[in-house]
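Take a look at the structure set out below.
The values are calculated or read from the model by the stated rules, or taken from the named source; none is laboratory data. This is a predicted model, so every value here is computed, not measured. Neighbour counts are summed over all protein chains in view; Cβ atoms, including those assigned to glycine, are modelled from backbone coordinates with ideal geometry.
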Amino acid sequence: MSKKSLFGWLLLIVALLAGGWFFATRGGILAPKAPFAIEKKEIHAEDSDKRFAINIEYPVISGLATPALDEKINREIQGDINQLALSFRQDAEAPRPPALVGLESELETSYQVRYKDEHLLSIEFMHSAYSAGAAHPFSFTTTLLYDLGTAEVIPLKAIFRPTSAYLGVLSQFTKGDLLRQLGEEFRETILMGTAPKEEHFKSYLISAEGLTILFDPYQVAPYAAGAQKVTIPWNTLKPQLAENTLFTRFLTR
């Protein structure tokens with residue numbers, strides 16, 4: 001091989017390495033090593049007097065760009081889970097009327113990873129809590145959306161332009177979709193539960209298709225109707241999306 005050819009190959013290798021570093025750092029922030037891992041962990045606790053039973057599944061992350069990022073996410077998730085279990089246990093151990101002695105309260109928590117790539121992780125936690133003597137369990141969801149380059153939770157408002165009326169857009173779209181799903185019978189409850197207030201859109205997931213809003217039982221329909229969800233396509237949200245973020249890449253032209 002001539003010196004000229006060898007020099008050309010060296011330049012190509014340097015260019016490829018530089019390009020790889022550029023894409024791996026995403027603006028100076030390291031992206032995860034591929035693939036990062038998600039392991040299921042479990043917590044099981046039961047009172048010897050049968051006052052409560054707790055069964056929780058939660059994710060543990062490993063393989064992000066640095067161990068500190070893994071630790072930050074895992075510490076936050078486990079902290080939330082521990083607080084949930086502690087609050088439930090304290091309620092279950094509180095003094096009870098004689099009629100409720102011997103009845104068991106139960107907490108069940110599971111999770112699903114709804115979306116993940118090298119930059120984003122979207123997790124749904126499904127909770128079912130039964131308080132001794134209640135007519136039925138109370139079900140609710142919590143969600144977490146992580147920027148894996150920083151290990152920071154992405155709040156809903158950060159997806160949108162600072163001055164956009166995104167709550168109004170979410171309200172209008174979810175209201176119309178739920179009326180089609182559930183019918184006019186629940187119009188009043190739907191209008192109340194989808195009013196443009198941040199607390200009405202606290203549970204959200206992402207996918208390549210769009211932003212999904214989750215509604216717990218009672219928020220937009222009676223308990224018997226169950227939980228509801230609405231997915232809003234990214235292109236519908238395009239005028240409100242913040243520019244040059246991890247979400248604008250989902251837009252189709």
Test result for Ala225, surrounded by 14 or more Cβ atoms within 10 Å (Cβ to Cβ), touching a residue at least 40 places away in the same chain (Cβ under 8 Å), out of contact with any His (no Cβ under 6 Å at 6 or more places or on another chain) and under 16 Å from Phe160 (Cα atoms): no
Contacts under 8 angstrom Cβ, first residue in segment 158-181 being under 14 Å from Gln228 (Cβ atoms), partner part of a helix (DSSP H, G or I) and of a type in the set (S, T, N, Q), 6 or more apart: Phe173/Thr236
Residue in segment 79-98 that is under 18 Å from Lys41 (Cβ atoms), in a helix (DSSP H, G or I) and small (Gly, Ala, Ser) present: yes
Residues satisfying the stated conditions in segment 192-208, i.e. in contact (Cβ under 8 Å) with a residue 40 or more places away in the chain and surrounded by 18 or more Cβ atoms within 10 Å (Cβ to Cβ): Phe201, Ser203, Tyr204, Leu205, Ile206
Within segment 34-52, considering residues that are assigned to a strand (DSSP E or B) and out of contact with any helix residue (DSSP H, G or I) (no Cβ under 9 Å at 6 or more places or on another chain), the one surrounded by the most Cβ atoms within 10 Å (Cβ to Cβ): Ile38
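Out of the residues in segment 236-253 that are among the hydrophobic types (A, V, I, L, M, F, W, C) and under 17 Å from Leu170 (Cβ atoms), which is nearest to the chain's Cα centre (by Cα)?
Pass one, segment 236-253, residues among the hydrophobic types (A, V, I, L, M, F, W, C): 237, 241-242, 246-247, 250-251.
Remaining after also requiring under 17 Å from Leu170 (Cβ atoms): 237, 241-242, 247, 250.
Details: Leu237: 19, Leu241: 19, Ala242: 19, Phe247: 15, Phe250: 18 Å.
Top of the filtered list is Phe247.
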Flag if Leu211 is surrounded by 19 or more Cβ atoms within 10 Å (Cβ to Cβ), under 16 Å from Gly168 (Cβ atoms) and touching a strand residue (DSSP E or B) at 6+ places or on another chain (Cβ under 9 Å): yes
Lone qualifier among Leu145, Leu121, Leu107 - being more than 25 Å from Pro67 (Cα to Cα), buried (at least 20 other Cβ atoms within 10 Å of the Cβ) and at pLDDT 95 or above: Leu107
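I'd like the residue in segment 64-73 that is crowded, with 18+ Cβ neighbours inside 10 Å and either assigned to a helix (DSSP H, G or I) or without any contact (Cβ under 8 Å) to a residue 60 or more places away in the chain (or both) and, out of all such residues, is nearest to the chain's Cα centre (by Cα). Can you show your working first?
Of all residues in segment 64-73, those crowded, with 18+ Cβ neighbours inside 10 Å come to 64-65, 69-70, 73.
If we keep only those that are either assigned to a helix (DSSP H, G or I) or without any contact (Cβ under 8 Å) to a residue 60 or more places away in the chain (or both) as well, we get 69-70, 73.
On the way: Leu69: 17, Asp70: 17, Ile73: 13 Å.
Once the filter is applied, the top-ranked residue is Ile73.
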Failed item, numbered, when Ile190 is tested on (1) of a type in the set (A, V, I, L, M); (2) farther than 30 Å from Glu42 by Cα; (3) in contact with a Ser or Thr (Cβ under 7 Å, 6 or more places away or on another chain): (3)
